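The values are calculated or read from the model by the stated rules, or taken from the named source; none is laboratory data. Everything numeric in this text was worked out from a predicted model, so none of it was measured. Here the Cβ is made from the backbone with ideal geometry for all residues, glycine too, and neighbour counts use every protein chain on show. In case anyone asks, the SASA skips ligands and DNA or RNA and just uses the protein heavy atoms, side chains included. Shrake-Rupley method; radii C 1.70, N 1.55, O 1.52, S 1.80 Å.
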Amino acid sequence: QLHLHAPTADEMYHFIATLRHAARLGYQQQLLKLEDYKKKSAVSTKTAHYDVGPVYSTASGHLEVVLVEARHLRPHQLQEDRDLKEKMKRMAVRGPNTLAVFKMKNGDDGEELIFRGSKTQWSAAIHGNSPNWSKLEEVSSTGGWVFKSPVIEPARMPHLYFDLEMLHNSKNMLGLVRVPVKKLCNRDEPFQNMWSPLGSINLETKQFVQNLSGEVHIMTLWVPSQPTSKTKRLPKSARGWLLHGLRLRLAQKYMRDPVFQHQVRKHGYNPNLTDSWPPRLCEANAAHVEAMADLMPYLDCCEKQNVTMWADFRQAHCRRVYGDGGAAPAESIPDAVPDAVPDAIPEGGEEGGDAGSTVAAAPAAAPVVPLPTELAEGAEQLGFWRQTWAKDKPPQKELNYELDELLRRGVPPQSRKHIWLQITFADQAQESSGEHGEAGSFSTDPRRENLKSARETYKALVEFGRPFRHDAMLQLHEDIVGASLWETSNLPPMTALHQKRLQRAGDVCTALIVFSMDWADIEQKPPPLPMNHSQAIPGHPSDVQACGVAYCEGLLVVAFFLLLALDGESIEQKQQQGRTEDLADSKPGRVKVLEAEQEVEDEARAFWLLYTLIAHPNNMAFRDYYGVPDEFRHETYPDWKPMSDQKGAMDDVYRLSVCVARYEREVWVHLNAMGFHFSIVFYKAFMHLYAFFLPSPSLFRFWDLLFSECARPDRAVFKPPRHSLIDLAFGVVRNCKNKLLRCQSALETRDCLVGYLESLYDPSAVVELATEVERYLWDDPLQKTAEKMGFTPPHVTDYTRQLKFWDEHLMQFRVQNCVLRDLSCDSEVVIELNRQGTQATQATQATQ
C-alpha cells in the first residue's frame, strides 16, 4: 500500500495526474515496440517467433454453454407413505444444495481441456430440488450461468463432449449431463436451446444411463474466431438469440400450442394481483410465449425417460408371464410401449447417488414364475393384471406399486392409445359387447378381423346418428357451431384443421348418443338401430346395469382433447413432421394428415374409452358427470325418469369446499366473505376435466393419473374415484393462499386461480401437486391406523353429515322438478294449458 501526503489538494491531484500520464506513456511505448517487432522478418533477423500455441483455421471458435435451470434432481415421491416411519423419513429430508461443475474432454481416453488455467468451472450453489440459475440477479442479463470453452477446432476433435455434473454440497453426485460438441459447432445454426435428461455413468459398461428423474435446461452458442459480416449483425449472447426467436412469435396475432397446434387463450390476467408495479397484458403474454417455446424440447426429454422406464417394465412383465426363457409373441402384445428404446439400466445403478432421496425405495421385484396359459393370453391387459394382483391371496402389492409408479411418472404419448384403454377396462368393455363380439377389439394384432369390425361398428353408429333428429343431436350441432370460435385465426390451414377436429369430436359424441338411445326413441323410424347399450351389454356379474350417456357441452370438449391425445405421435415425430410454425414467413407449418382408417380407429378408441368411464359397469367413474342418472322413485311420480342431473361436478365442488373449510379455514372464511363460490371456477374445470385450464401437455399428463385412479382396484372405500380432480383443485387453492387472502373481489379470486392453472407448463409439477395433496387428504399413515378402528378422515365425516341434511332438504325440489317437467315437456299438458289460456282470453275479450 502507498500512503501519500501533500501540502495541498491541488498538488496531490497534480502528482496523481503526472503518475498516470507516465504509466500510460510507458504502456504506449511498449505497444509500439511490439508492433515494430511483428513487422520485422524472421529471415532478416535470423530469429524465430515465439511459440504462441497451435494454429487455428477459420472454422475455429469457442463454445458458450448457459446453464438455465434444472428440475426434479431428486425423484419426487408420487405414492402414499406405507407407514409412519416412511413419512417421517420423507419429511426429514431437505432439498439439495445444488451447484454445477463444467468439464470438457476430447473423448473418453483424451485429455480435459483447460480454460484460464483450470480444467473445471463452477457455478453458484442454489438450494432446492429445481434450482433456477436464470433467476439470479447477477446473471439475469445472460439468461443463466455461463461456462466458456477454450478456442477449439471441431474438425480435429470429433469426439469432444462436455459434462455438467450436479453436486449436492460440492461432494455428493446427483447426476450429470453429457452432450457431444460436434453438432453444436455450426456456423449456420450457432444457437441451440435444449433439455437433457440427468443420468450417470455405469462403472462396468462405461455407458450413460438415465436417472429416474431429472432434467437440465441448457443453451449453447457457437462463437467463431473470425466473425463474418453476417455474424456481426446477429445477437452476441445466447439470451439475445432466445429473445430474437421469441420476437417473431410475439409478432403473431394469436398464441398457439407448439405441440398440438391449436389456439391458446389466457383468461387469468389481472393487474391487481401483484404487490409491485403490475405487468402489462403484452408482458404477461410474452411470459407465456417464452414458456411455450421451451415446451417441445422439455417434453422430448421427459418422453425419453418414460419410454425407457416402460420398456424395462414390459420386459420384466413378459418374463413374469412367459417364463424366464420365453418372450412374448409378437402378435400377442401390442406396441403399448415402443420397441426401439435405448438400453436401460435398472433403478439404483447411478454413480454416487445421494442416499437422502425423497422417493421411497420400490419393493423388491417379484420372482419370475411362468403363469398358466389362460392367464398368459391376457398379458398385455394392464387393467386385468392390476385386478388380478389385487385379488391374489395375499395381494401382490409390490407389482401394483411398480405399475402405479409408472402410471404416475407418465405414459409416453405414443402409448396412450393402448394404455388408457387397458387401465380403464375399456378394452374389456369393447370385447364383451354384443353376442358375437361385433364391437371388435383394439388390444390384438391390427391384421385381425376384429379391428376392422371395431371400425365398422363405430362408423355405423355415426352414420345412423347424423341425419337423426333428437334433442341431444340438436344440442350437439349448436355446440359445434359455438366451438368454431375456439379458433379465430384467418389462416385457411388452421381453420380447416380446427373444423376437422371438431367434426371428429362431434362424431364421437354422435356415436355415444346413438349407442345410448332406447328402442322407444326410434320406434317406426327406419333404419334399425345398429347397436344399443342395453342390447350390447345386457348384464354384468356385479349386477350393475349399463346406462346411457346424457350429452352436454363438456362431453364435446373432453372428446376434442381426447382425440388430440390419441394421435399416437411422439414429440420427436411432431418436430420431424414440421408441426411447429414456420416463423420466417409467419405461416403455420405442415400438419400431418392421418389416414382415413387411422382416424376412424382413434375415434372408436375415444368412443369406447368415454363410454367405459361414464356408463359401463367395469368403470362408471364419471356417470354422475355425463351419464343418465338412476330413476327417481316417488309416490306421486312412480315412473318419472330424469334426463340428467350432472350432480357429480357439484358434488366434487362441495367436497372441495368441505376440505378447504376443514384444513384452510382462513381462506374459506375470506372467500365466503367476498361472495366467491368454488363452483365459479371449478365446476367448469371439473366438467371439462381441466381442459382449457391446463396447458395441453400438462392436461394429458394429469389424465394419466386421473384415468388410472378411476379404475384402481385397491382404492379405499371413502376415497372417491374422481379424487384426483379434487386433489389438484385443493393444491391450487393452497399454493395460492397468500394471493387469495389479498384478493378484494370474486373476480380477482377467479383470475388468481385461473392464472395459476394456466401457468402450470411443467407436467411433472402438476402430478406432484395432486399426489402431495392425495397423501395429505386420503393416505396419511395416521389416518390409516384410525381407519382400521372404524374412523374416516375428518373432511369425509363433515361431507357425509352435511350431505345427509342436503338430501333430506332436496326432496321437495325433486318433486317440484317433476311438475315443471310435466308442464314443459308433456305435449298433452301443454296443449291443454294453451286451450285453457285461449278460452280465458276469449272470455275476457267478450266481457270487455
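When restricted to residues that are over 30 Å from Arg409 (Cα atoms), aromatic (Phe, Trp, Tyr) and either without any contact (Cβ under 8 Å) to a residue 40 or more places away in the chain or open to solvent by less than 60 Å² (accessible area, probe 1.4 Å) (or both), the stretch 260-293 contains 1. The sole residue among Gly245, Gly214 that is assigned to a helix (DSSP H, G or I) and either under 27 Å from the mean Cα position of the chain (by Cα) or surrounded by 17 or more Cβ atoms within 10 Å (Cβ to Cβ) (or both) is Gly245.
The set of residues from the stretch 1-10 being out of contact with any helix residue (DSSP H, G or I) (no Cβ under 6 Å at 6 or more places or on another chain) and surrounded by 10 or more Cβ atoms within 10 Å (Cβ to Cβ) is empty. Restricting attention to the stretch 813-834 and to residues that are open to solvent by 90 Å² or more (accessible area, probe 1.4 Å) and either modelled with pLDDT of 70 or more or of a type in the set (Gly, Ala, Ser) (or both), the residue that is farthest from Arg655 (Cα to Cα) turns out to be Leu820. The set of residues in the stretch 223-243 being more than 12 Å from Glu64 (Cβ to Cβ) and among the basic types (Lys, Arg) consists of Lys230, Lys232, Arg233. Scanning the stretch 80-102 for residues that are surrounded by fewer than 19 Cβ atoms within 10 Å (Cβ to Cβ) and modelled with pLDDT of 85 or more turns up Asn97, Val101. Modelled with pLDDT under 90, exposed (fewer than 15 other Cβ atoms within 10 Å of the Cβ), among the small types (Gly, Ala, Ser) and assigned to a loop (DSSP other than H, G, I, E, B) - does that describe any residue in the stretch 113-128? Taking every residue of the stretch 113-128 in turn, at least one turns out to be modelled with pLDDT under 90, exposed (fewer than 15 other Cβ atoms within 10 Å of the Cβ), among the small types (Gly, Ala, Ser) and assigned to a loop (DSSP other than H, G, I, E, B). May I ask you to verify whether Lys417 is at pLDDT below 85 and open to solvent by 10 Å² or more (accessible area, probe 1.4 Å)? No; evaluated as a whole, the condition is false for this residue. Of the residues making up the stretch 632-686, those that are in a loop (DSSP other than H, G, I, E, B), open to solvent by 30 Å² or more (accessible area, probe 1.4 Å), modelled with pLDDT of 60 or more and out of contact with any Cys (no Cβ under 9 Å at 6 or more places or on another chain) are Asp645, Gly675, His677.
Taking the criterion of being in a helix (DSSP H, G or I) and either open to solvent by 50 Å² or more (accessible area, probe 1.4 Å) or closer than 23 Å to Pro75 by Cβ (or both), the residues of the stretch 129-138 that qualify are Trp133, Lys135, Glu137, Glu138.
Would it be correct to say that Leu403 is part of a helix (DSSP H, G or I), within 15 Å of Asp602 (Cβ to Cβ) and either open to solvent by less than 10 Å² (accessible area, probe 1.4 Å) or at pLDDT 85 or above (or both)? No. Of all residues assigned to the stretch 294-314, none qualifies as being closer than 21 Å to Ser134 by Cα and surrounded by fewer than 17 Cβ atoms within 10 Å (Cβ to Cβ).
Search the stretch 225-244 for residues being out of contact with any strand residue (DSSP E or B) (no Cβ under 8 Å at 6 or more places or on another chain) and among the small types (Gly, Ala, Ser), and hand back the single one that is modelled with the lowest pLDDT. Taking the candidates together, the pick is Ser229. Listed conditions (1) in contact with a His (Cβ under 7 Å, 6 or more places away or on another chain); (2) open to solvent by 40 Å² or more (accessible area, probe 1.4 Å) are all met by Glu709, apart from (2).
Within the span defined as the stretch 622-629, one or more residues are under 27 Å from Ser764 (Cα atoms) and at pLDDT below 95.
Would you check which residues across the stretch 139-157 are within 20 Å of Val216 (Cα to Cα) and open to solvent by 30 Å² or more (accessible area, probe 1.4 Å) and list them?
Ser140, Ser141, Thr142, Trp145, Val146, Lys148
Among the residues making up the stretch 458-507, a single one is more than 30 Å from Arg256 (Cβ to Cβ), aliphatic (A, V, I, L, M) and open to solvent by 70 Å² or more (accessible area, probe 1.4 Å): Leu474.
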